[in-house]
1. Based on the mean of other Cβ atoms within 10 Å per residue, sort peptides 152-164, 213-225 so the most packed one is first.
2. Kindly sort 307, 347, 242 by accessible area of their heavy atoms, largest first, with the probe set to 1.4 Å.
3. So what J values fall out for the range 318-328 if you push phi through Karplus, 6.51 cos²θ - 1.76 cosθ + 1.60 with θ = phi - 60°, rounded to Hz, Gly and Pro as x?
4. Would you work out what percent of the accessible area of the range 218-353, with all protein chains in place, is carbon or sulfur (probe 1.4 Å)?
5. Scan around residue 204 for amide H atoms under 5 Å from its own, H built in the peptide plane at 1.01 Å from N, and keep only partners 5 or more places away or cross-chain.
6. Compute the distance from the alpha-carbon center of the range 145-171 to that of the range 256-314, in whole Å.
Amino acid sequence: MHNYNDYTIEDLARDDYFRTSMLHPDRESTAFWQAWTAARPDHRDRYDKARIIVFTLDQRYNARLPTEEVANRVGQIIGRLDEIDSVPPTKKPFHYWWRVAAVFVASLGFLLWNFKDSSKPQLSQTITEQAAQVSNALVARKNDTQHNQTLILSDSSIVTLFPGSTLQFPETFAGESRKVTLSGDAFFEVSHGAKPFLVYAGETVTQVWGTRFRVTAFPKDDLVKVSVKSGKVSVHKSSEFELPASAASKPAPGIMLTMHQQAVFDRNDLLLEKSQLKDLEIITQDTDLREQVFVDTPVAEVFKELENLYGIEIAFDKHTFANCRIITSFRGETLTERINSICEAIEAHYEPENGGIVILGEGCR
């Protein structure tokens, strides 16, 4: 085994063991590189950049290149990254590292006829047909598919809606609380906020500020279940629930749940009981663990991949972002972390709209 401490990015990308470890990882090589990146702060930066280069070569050429050709191609990619780094700070494209994700944006050519559409892109008819407007500007989203669907609420909370489930939520949260109503099964990743987040499901109310948990409450089932992955929530019978006047500072009385605990309401005997969660698969979200690698990919394709992975619709103006291309890898980041990272890179921002996402910005120049 070589002493990799003094290896440059280029040295790593050319090294056979490093390339094999990235493309065909095993337990031994994974443990080695985890230890190596943790040894010194600068190791992580070199590892991330070299890893991107390895994936770039593998995906672009889809074949094993001769050793001398690998060295040549690595040099070309390093040169391109150096060009990005050499741009004056006031004009330099943003490059952002997020855990194992490295994002480089290269602007290619000019904007198509300098076209800019000043109108805000709208979510497609597919979503608007599913959204039912009711009193107090509420939206109802039902998952009629066989796949999970992801919704982003106006406070950036994320809801994974399982098949056969319906969530009712306001276009914009107002008042003293953030209230949603669930019929079915959903996993919640609630953003922190001053206003308590309330989930009305069957005969129960779950109160939370910022945490991850799952609520299962199909109308025909005898049981309503609230299972906590992290954080703390309080669960109540809806007939007894009353939000305290000082809701911003304390929860209403009820059963308190912390990590890996569960509350079960039995509709037959009207009992609400607390227990330890035995089956942790109930709260496992494997979507965020799926790796995504993009090599000089148009941002439109990146958004499409996110749509397919998370079952969420992302609206944006294709002309505005036509020149934006991404080199990045993700593994372990949440949907909002991935969206934020990409938006930072293309100098854009996102806004939740009826459970979907609208990307806004002036595009890459």
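1. On the way: 152-164: 19.5, 213-225: 17.8.
Highest to lowest by the protection proxy: 152-164, 213-225.
2. 242, 347, 307
3. 5, 5, 4, 9, 4, 9, 8, 10, 10, 10, 7
4. Working: 3200 of 6630 Å².
Within the range 218-353, the accessible surface is 48 percent carbon and sulfur.
5. 238
6. 11
The values are calculated or read from the model by the stated rules, or taken from the named source; none is laboratory data. Only a predicted model underlies this, so the values are computations on that prediction, with no experimental measurement involved. Please note: Cβ atoms are built from the backbone with ideal geometry, for glycine as well, and neighbour counts cover all protein chains shown. Only protein heavy atoms, including side chains, enter the accessible area calculation; ligands, DNA and RNA are left aside. Shrake-Rupley method; radii C 1.70, N 1.55, O 1.52, S 1.80 Å.
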